[in-house]
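Read-outs: derived from the displayed coordinates by stated rules, not from any lab. Small disclaimer: the values here were computed from a predicted structure and weren't measured. Every residue, glycine among them, receives a Cβ derived from its backbone with ideal geometry; neighbour counts consider all protein chains shown.
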Amino acid sequence: MERMKRMKKLLTGLLTLGMTLSMMTMTAFAAGPTTGTTEKMPTIDFDVNKTGSITIHKYEYNGTDGVTGTGADNQTPPTGAEPLAGVTFKITKIAELNDYYGTDAKAFPTVEQAKTMTSIGTPIVQITDENGEAKFNNLSLGLYLVQETDAPAQITGKVGDFLVSIPMTNADEDDWLYDVHVYPKNKSTYGGVTLQKKGQIGSKTPTKLEGVQFKLEVKSADGTTWTQVTKNNKGVDIGLSGILTTGTDGKITVEDLAPGDYRFVEVKVPDNTGYIADLKTEYKFTVAKEKGTDSDGNEYTAGSILINDKYVDTTQEPISVTNYKPDVKKEVKDRTSGDWKNNSDYNVGDTIPYRVTVDIPENIAELKTFILTDTPTHQTYVNGSLGIYSEETCTTNILSGKYTVDTASNGWKIVFTPADLASYAGSKIYIAFNMTLDKGAVVGAGGADRNDNKIKLEYSNKILPDTETGTPGTDEITDEIIIYTFKIAVEKVDATDNTKKLQGVTFDLYRKLKDSDTTGLENPVKGLTGRFEKVNKSAALMTDDNGEIFVSGLAKGTYYLVETKTKDGYNLLKAPVEVKIETSYSLTSTTKTETKDGKTTTTTTITNGTTDAGVFTTVVKNSKGFTLPTTGGIGTFVFTFAGIAMMAAAVILLITGKKKKAE
């Protein structure tokens with residue numbers, strides 16, 4: 001009886017030692033005090049074949065409620081406690097029970113003493129399952145040291161080591177428990193983070209960018225490797241197979257992350273946008289394990305987000321990430337107003353001023369490719385006319401010696417070294433140059449063949465990590481303008497019979513200029529007052545067998561036909577004939593961005609809503625004049641005779657007059 005009392009007291013002590021409620025030690029959840037009498041206590045069965053078990057029920061719990069464990073099964077955890085998977089426990093048998101009872105029984109060791117004792121047999125390791133349970137079955141009777149050796153990263157308050165005996169007394173102290181259940185709890189810390197994605201085209205204002213994909217990675221405890229996160233620390237999937245995509249607000253939010261070091265890495269930009277994917281930059285942050293003060297003196301709590309050792313509330317100030325895209329715009333100087341537009345009219349042979357505006361992306365220095373190509377139709381680049389400037393007035397020349405203009409197919413091409421443009425990142429540069437309108441330029445609205453001029457920008461569509469040596473692909477942006485030119489058609493006919501065409505009639509054609517234009521001719525011929533330019537500089541215009549003259553390659557304006565020689569039998573026109581070229585077009589500019597086979601092309605196209613042929617026809621009528629008789633004909637005799645008679649009559653009148661005066 002004395003030995004049973006002694007054993008009961010010793011094992012009750014173990015229960016109290018090993019299962020006391022504590023935030024940092026093993027906690028059991030049970031109810032009520034222990035009662036009972038020693039007389040009811042049976043004897044321990046020390047049969048060598050007798051075994052027991054330890055079942056650990058692991059919970060994640062940040063509350064304060066709890067009671068001393070009893071070692072029995074089916075104890076109820078407090079509200080808010082959740083089973084915790086992934087916790088590793090190791091149990092080590094350190095002593096036989098018969099060493100600790102009897103007349104010469106030793107005192108039970110403390111936990112610290114137990115750690116120094118030689119193990120009996122091989123330690124056993126188990127990991128809690130999805131129900132938070134780790135079962136150690138078929139244990140021989142004895143005293144065991146239980147240690148939590150590893151836990152998920154969010155666990156910031158681990159259970160301390162504790163001792164369990166197999167068997168141990170029940171709560172009523174009237175029986176032995178050979179299958180012991182313990183209910184330890186752990187304190188956890190979680191953090192949440194928000195990332196904000198924006199897109200910026202050149203120097204324009206950034207906007208929210210939907211559909212950008214990221215992966216989230218966590219750094220290993222030893223700081224040597226990064227591992228992609230596919231579930232948060234509560235086991236909930238994040239994204240689709242670990243790929244996170246920005247929403248309509250451009251944001252990604254990840255909750256329930258354990259303390260540790262993390263980074264967002266961009267995976268892909270959305271199709272049909274043309275933004276440059278930045279696969280190189282890492283957006284790092286830390287979920288704080290415990291409270292502290294950052295480098296600016298701001299206090300923060302466990303689970304707070306730290307970026308570069310500074311506390312950031314990412315719900316208010318998300319991690320800001322921007323994708324960039326360049327832009328290019330082509331304009332032609334309007335011939336009459338001088339404004340920069342997407343169309344104008346010119347004469348064949350005219351010098352046409354152009355301006356290309358390039359919006360440089362903020363990350364230009366990181367790109368591998370940045371190429372501009374100008375491709376004209378029915379136009380020719382004026383060699384040496386190209387310059388690059390820092391303002392839209394094109395007065396301050398920049399980048400001298402840092403580019404070469406290659407001319408081909410009547411246009412030009414510049415292959416930039418992106419790093420040379422770093423000083424203009426996030427701003428605009430302007431390229432000015434001249435073209436001439438070629439003979440054979442399309443008259444009027446045109447169709448598939450027209451006098452357009454396209455600019456194409458090719459640029460790297462990815463920034464690769466330093467560990468990748470390949471060359472990224474390219475995306476393209478194109479823009480265009482249209483040059484119009486027109487035709488005058490002259491039809492020369494008999495004034496009384498429109499079907500009678502007059503061949504061989506010659507004209508000069510004059511274009512009316514502004515009076516302030518000193519380059520023209522002033523009052524060049526009778527009937528023309530002001531400043532004019534002669535269109536047919538080398539030879540007169542002559543009607544063909546059909547009585548027609550065609551003059552192509554003319555800009556809009558007022559023109560005058562001056563007849564210089566007419567057909568025999570017809571009167572020469574007394575005044576110039578006015579011909580006006582007046583027209584307007586319904587233009588639509590459409591921009592489309594499309595991704596195909598990994599390449600994104602942004603194309604701006606100008607379409608014309610009319611099909612005007614651009615031919616301005618005028619009918620010039622000539623009237624027949626007097627026909628003078630030939631030398632020696634009857635007409636001449638009649639006039640001669642009449643003249644002599646008139647002279648004789650005058651002589652007679654003179655003589656008669658003198659006689660009367662003498663009388």
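What the table below lists for this structure:
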| item | result |
| --- | --- |
| Region 42-168, Cα convex hull volume normalised per residue, Å³ | 138 Å³ |
| For region 342-481, diffusion coefficient by Stokes-Einstein and Kirkwood Rh (Cα), 4 °C, 1.567 mPa s, µm²/s | 79 µm²/s |
| Positive-end residue, the chain charge dipole about Cα centroid, Cβ charges, pick of ASN138, ASN571, ILE463 | ASN571 |
| The chain: calculated mean residue ellipticity at 222 nm from DSSP helix runs of at least 4, using -39500 (n - 2.57) | -2500 deg cm²/dmol |
| Convex hull (Cα only) mean projected area of region 191-324, reported in nm² to one decimal | 8.8 nm² |
| Charge tally in the Cβ shell below 9 Å around ILE243, where Lys, Arg are +1 and Asp, Glu are -1, ILE243 excluded | +2 |
| Interchain or long-range residues, amide H under 5 Å from GLU133's placed H | LYS58 |
| Which of ALA107, GLY530, GLY223, positive extreme of dipole for the chain (C-beta unit charges) | GLY530 |
| Filtered trypsin sites (Lys or Arg not before Pro), region 262-301: DSSP coil and at most 14 other beta carbons within 10 Å | LYS291 |
| Qualifying chymotrypsin sites (Phe, Trp or Tyr not before Pro) for region 87-133 [loop in DSSP, other Cβ within 10 Å: at most 13] | none |
| Kirkwood-type radius of region 352-431, with distances r between different C-alpha atoms, in Å | 13.3 Å |
| Length-normalised contact order of the chain in % [C-alpha pairs under 8 Å, at least 6 apart] | 10 percent |
| Environment charge of GLY349, counting only residues whose C-beta is closer than 11 Å and scoring Lys/Arg +1, Asp/Glu -1 | 0 |
| Loop-located GluC sites (Glu not before Pro) in region 363-469, at most 14 other Cβ atoms within 10 Å (DSSP) | GLU391, GLU392, GLU468 |
| Filter on LYS234/LYS268; LYS492/LYS514; LYS289/LYS310; LYS329/LYS487; LYS204/LYS456 - keep pairs with C-alpha separation over 18 Å | LYS234/LYS268; LYS492/LYS514; LYS329/LYS487; LYS204/LYS456 |
| C-alpha long axis of helix 2-18 to longest principal axis of the chain, angle in ° | 10 degrees |
| Angle between the chain longest axis and helix 634-662 axis [Cα atoms, degrees, rounded to 10] | 50 degrees |
| Tail fraction, Cα-Cα pairs, the chain, threshold 50 Å, whole percent | 52 percent |
| Added length on full extension, which subtracts the Cα-Cα distance from 0.36 nm per residue, ASN272 to SER589 | 112.3 nm |
| Estimated translational D of region 465-616 in µm²/s (Stokes, Kirkwood radius over Cα pairs; 25 °C; 0.890 mPa s) | 125 µm²/s |
